[in-house]
Structure formats: C-alpha cells, structure tokens
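Q: My structure is below; once you've seen it, I'll send some questions.
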Amino acid sequence: MAETKYTYYSGCSLEGTAIEYNISVKLILKTLGVSLQEPEDWSCCGSTPAHTLGHVFAAALAARNLEIAEKMGLGTLITPCPACLSALKKAHVRMTKDPAFKKEVNALLDKPYQGGVTPKSVLQIIYEDVGLEAVAKKVTLALTDLKVAPYYGCILNRPPEIAQFDDPENPIAMDKIMTAVGVEVCDFAFKTECCGAAFGVPKRNMVNKLTYKILNMALEAGANCIVVACPLCQQNLDLRQAQVNATMRSSFNIPVLYFSQIIGLAYGYSPKELGIDKHAVNADRVISSRIPVEELAEKKKEKAKKIKAKEEEGA
Amino acid sequence: MEIINTINLTKDIDWEFIDQVRKESGQDTALCYQCGNCTAGCPYTEFFDYPVNQIMRLLQTGQKKMILNSRAIWLCATCEGCTTRCPCEIDVAHIMDILRIIARRENYVSEKDVKKFYDSFLASMKHHGRVFEMEVLLGYNLRSGHFLTDADLGPKVLGKGKLHFLPTRIKGKDQVARIFEKFYEKEKNRG
Ligand code: SF4
Ligand code: SF4
C-alpha cells in the first residue's frame, strides 16, 4: 500500500441522517490499516445549493476546507460522500487550472488555498491504494444469502474530467469490491441513473418516480439488496421507500446498504456495530445467515465431492 | 390536423444574453448541433417543460425570457449526464447551472419550492458553518407553507439517534458567514 494516512472529510450528512455510513467507513478502514485525521473545524462543502448562487461562491465554501486540509500536509483528502467529493474536487480542479478563478475564490476566503490537496472518494482509495487483494484478506464471514445491485448514483463518476476514476457509464469499483468480499453481484443496468438527488424535500413526487425505476430495476436484476456509496441515494431509496410505495402503489421491501456496511459484515462486525439497524427497511432476512468462510469452503468441497461421486456412479 | 406548438426563434434574439452565458460558462454554445444525446440520457426530461437540448437551442437563438422562465433550469439536478455524453464536449450541466444562477440574480424563479429549499439549506450553513438537517427541513416547511413535508419520515429517523436537535456550531462559523457576505457584496457591485 502506497499511503496509509489520509485527511478524512465526513461532511454534514454523515453527522446526521447518514451517521451509519460514517461509523461503518471508519470501522472498515481501521481494519484495513488506514488511519484518518479529520480537518479541525471543517465546514459544509456547499453541496448543490451553493452553486445555484455562484461558482466562485461555491468553490470558496469548499476551498475553506481544502485550505485546512492543505495545512495538515497529508496530500490526499478522502470523503465518503459523492456530493462533498464533487464540490471539493470541482473547486480544486478549477482553481488549479484557472489562476483568475483561483484569485476570485481566494478573495472570498480568510486564508487562501494554494492547490496542494487531492480529493478522492473513500471508494477510490479502497480500490486503488488498499487494493482488492488486501480487502479480500480480511474477510471472515460469508454472506450467503446476499445478492446485491451496485448503485453508484449520478455524480460519483461524472463528469470524467472531475471524477478521474472508474468508468462514467459502467463503473465497476463497487462491483469488484463486493466480489472481493465474497458477495454475489447482479448485472445492474441503472448503476448511474439519478435517484432524484436533493429534490426529496421540495419535489417529493418527482423523486418517488425516479427511485421507483431504480428499485424496480434492482428487483428485475434479481437483487435482494441495493448497495450504495451516497447518503442521498441511500435516503431516497431507503427512507423514502414507503413513500414510493404509497405514491406508486408498489410494494417494495428491499434493503439499501452502504458498501462499507457490507464489507463490515464480511469482516465480522455485527449489524448493530455497523448501524444497519438505523435504516428504514429491515435488512435482517438478507444478512442474517453469515457463516465462517472456512465452513463455506468446507461445504463447497463436500458438494464438489458429492457431484464427482455421482458422476462417477453414472459413468 | 395536429397542432404543433412552434416557437419563432428569429424573433427577439437577445445577443447580449447569448454573449453573457458564453462568458459566464466559458462554453461555446454554438457548437451544439442538436443531436439530442443530452436529452436522451437526462433523467428529468419527463419533468422538464423544455428538454435540455431545447434549452440549448433556445440559448443559441437568444430566447432569454423563455429560458429564465423555464422550470427545467430549476429541476435540473446537475447529474452531469448531459456533460458526460455530449459529443461536442459542451459542459451542458454547467450551462444549466449558469442559467439558474442568472435566473436567481434576475429574480426569475419558476420553481419557488426548489429555491426555498436551497435557501433554507444555505441559511443553516451560514448560521452554523455546517448544515443542520432538522433546521433545513423545518426552515423549508416554514418558508414554503408546506408545514407537513416529510412529517411521515419523522418516526423513521427519530429514536435511531440520527437527527440531532441541536446543531454543531463550528468555531470558524464567522469565516463561513464572511464568505457569504463578501459574495453578496460582490454581487451588489455587479451593478
Ligand atoms: S448532446 Fe451536446 S450537441 Fe447534442 S443536443 Fe445536447 S448539447 Fe447539443
Ligand atoms: S445535468 Fe441536468 S440537464 Fe443534464 S442530464 Fe442531468 S438533470 Fe438533465
């Protein structure tokens, strides 16, 4: 592994409605030997609302945090939230590419940001820096009932010039990580469709319609669980699932877990430790059967033996 | 005979507006050749009054009022699908963003609830330095008069230790508030 210590920016959602994302990310990164340091006195990245006012303004809100991170001297800043990532990275990329923009942004700040931080997603460093092999090594339990639809959401990999990671149309990082921890992954056509983003409050019907399509596609793909990397996606798909059922006359009951929670389950943490009990849709039926990986390997061997014996009998 | 809504695009061309959007977005809007890729992939097409490729066309022909009055610019979620897929490499999502910014500046707000939600979010951020979700929701409900928005979600999150009743106030909240003030000051001087 190249680096083991990162600046960690959790963002506002992860202090509130997405607290379980924060908890589970911290647990698994600790298991993987990654240590985190939070920027002192960080502030909100600005998210979507800020760039309806102005881009210099939005970049300044993000860059206040980049400046704090810059002083910490760790180089890479990681965040679990795609909206924070997008805000921080857009600010960073535009400021480093365009000196006039940088000047305008810094004019709004008490302390200027010089461009010395590389923002990445937690997913990216797990995939690239920790690596699939190391991720797989820590697995102790097999999740035999789980079939996940990997849902990346809209901005984690888009636009490619900003994301600079994975494929914008068919991302695979989460698929591969799930496979590495032994979880069955379904082919999911709506990996990057939009869930309705921040419109949940002011435009609830619209969001319900969009999430309906995603939930429906996940079932059609044969999944019994959706795995996500974004607090807004999680909220729209899980917390609002009952609303979807009411508006669209559907009867979805599909749990929506963060990828970090699933990794944590495979590493032997309890659902409670990973905050899975904090979701609206109960996940028990798809995660309760966990068996030690050795036992699973033993079972598989037995099965193979039996098949072989049968074949020989037949021959 | 079917009646088709037609727009006379040669009428009222606002050249200044075309120029302004080009400058503020840094994008060459003339490059768009109406392939429709952006619209085909836009998850919000069914909710837009003008699909995003039509916004691009209206922009090329300087139809300022029609664009700034559109619901589309407020319902765009900046999902970046159009930007990712435009064969001319136009940053379409960025243009939508600029149009929304201009609309806000010039007081064209076709989707008042969306703006009120954003305002409630920004107010919370300015106040505490971080966003306090409970306050954003309550602030929105008060601003919009939709007092019961998401009241059904309450039981689902309360009791799970997710929603705090007190905000986290950061030490540097004044620094954050200053970003707002300096920005407003700059906007005022824009003339
Ligand atoms: S994808 Fe690009 S070129 Fe095609 S219609 Fe949209 S903006 Fe125009
Ligand atoms: S960024 Fe906006 S216009 Fe473009 S595809 Fe997404 S919602 Fe549609």
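Q: Could you check A:Pro112 against (1) assigned to a loop (DSSP other than H, G, I, E, B); (2) within 11 Å of chain B (Cβ to nearest Cβ) and say which number it fails?
A: (2)
Q: So which of A:Ala280, A:Ala246 ends up being assigned to a helix (DSSP H, G or I) and either of a type outside the set (Lys, Arg) or in contact with a strand residue (DSSP E or B) (Cβ under 9 Å, 6 or more places away or on another chain) (or both)?
A: On the way: A:Ala280 fails: assigned to a helix (DSSP H, G or I).
Unique residue meeting the criteria: A:Ala246.
Q: Sticking with this one: Given the criteria more than 9 Å from ligand 2 (Cβ to nearest atom), among the acidic types (Asp, Glu) and not in a loop (DSSP other than H, G, I, E, B), does B:Glu16 qualify? So that I can check it myself, show each step before the final result.
A: Details: more than 9 Å from ligand 2 (Cβ to nearest atom): yes; among the acidic types (Asp, Glu): yes; not in a loop (DSSP other than H, G, I, E, B): yes.
Yes: the conditions hold for B:Glu16.
Q: Let me ask something else. Given the criterion surrounded by fewer than 24 Cβ atoms within 10 Å (Cβ to Cβ) and either closer than 30 Å to A:Lys138 by Cβ or more than 10 Å from every other protein chain (Cβ to nearest Cβ) (or both), identify the matching residue among A:Thr118, A:Thr79, A:Thr52.
A: Working: A:Thr79 fails: surrounded by fewer than 24 Cβ atoms within 10 Å (Cβ to Cβ); A:Thr52 fails: either closer than 30 Å to A:Lys138 by Cβ or more than 10 Å from every other protein chain (Cβ to nearest Cβ) (or both).
Of A:Thr118, A:Thr79, A:Thr52, the one residue that is surrounded by fewer than 24 Cβ atoms within 10 Å (Cβ to Cβ) and either closer than 30 Å to A:Lys138 by Cβ or more than 10 Å from every other protein chain (Cβ to nearest Cβ) (or both) is A:Thr118.
Q: Counting only residues that are at the interface with another protein chain (Cβ under 7 Å from one of its Cβ atoms) and over 19 Å from the mean Cα position of the chain (by Cα), which one in the range A:194-215 is farthest from B:Asp49 (Cα to Cα)?
A: A:Val201
Q: Looking at the range A:216-243, which of its residues are more than 12 Å from chain B (Cβ to nearest Cβ), in contact with a strand residue (DSSP E or B) (Cβ under 9 Å, 6 or more places away or on another chain) and among the polar types (S, T, N, Q)?
A: A:Asn224
Q: Could you list, in sequence order, the residues of the range B:40-64 that are within 14 Å of chain A (Cβ to nearest Cβ) and either closer than 18 Å to B:Glu89 by Cα or more than 16 Å from ligand 2 (Cβ to nearest atom) (or both)?
A: Passing the criteria: B:Ala40, B:Gly41, B:Cys42, B:Val52.
Q: Next up: Which residues, taken from the range B:23-47, are part of a loop (DSSP other than H, G, I, E, B), without any contact (Cβ under 8 Å) to a residue 40 or more places away in the chain and either aliphatic (A, V, I, L, M) or in contact with a Cys (Cβ under 9 Å, 6 or more places away or on another chain) (or both)?
A: Across the range B:23-47, the qualifying residues are B:Pro43, B:Tyr44.
Q: Of the conditions (1) within 16 Å of ligand 2 (Cβ to nearest atom); (2) of a type in the set (S, T, N, Q); (3) farther than 22 Å from A:Met206 by Cα, B:Asn107 fails just one. Which one is it?
A: B:Asn107 satisfies every listed condition except (1).
Rundown of residues vs (1) under 27 Å from A:Leu85 (Cα atoms); (2) within 19 Å of the chain's Cα centre (by Cα); (3) in the same structural domain as B:Ala177 (by TED's automatic domain parsing); (4) among the polar types (S, T, N, Q), yes/no style:
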site	(1), (2), (3), (4)
B:Asp14	no, no, no, no
B:Glu24	yes, yes, no, no
B:Cys32	no, no, no, no
B:Pro43	yes, yes, no, no
B:Pro51	no, yes, no, no
B:Gly62	no, no, no, no
B:Leu75	yes, yes, no, no
B:Arg100	yes, yes, no, no
B:Phe121	yes, yes, yes, no
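Q: Moving to a separate point now. Determine which single condition A:Leu36 fails, assuming it passes every other condition in (1) within 14 Å of another protein chain (Cβ to nearest Cβ); (2) outside any helix (DSSP H, G or I).
A: (1)
Q: Related question: Evaluate the range B:65-87: report whether one residue or more is closer than 24 Å to A:Gly153 by Cα, modelled with pLDDT of 95 or more and more than 14 Å from ligand 2 (Cβ to nearest atom).
A: yes
Q: Which one of these does B:Met96 not meet: (1) more than 9 Å from ligand 2 (Cβ to nearest atom); (2) assigned to a helix (DSSP H, G or I)?
A: (1)
The values are calculated or read from the model by the stated rules, or taken from the named source; none is laboratory data. Only a predicted model underlies this, so the values are computations on that prediction, with no experimental measurement involved. Heads up, the Cβs are rebuilt from the backbone with ideal geometry, glycines too, and the neighbour counts pull from every protein chain shown.
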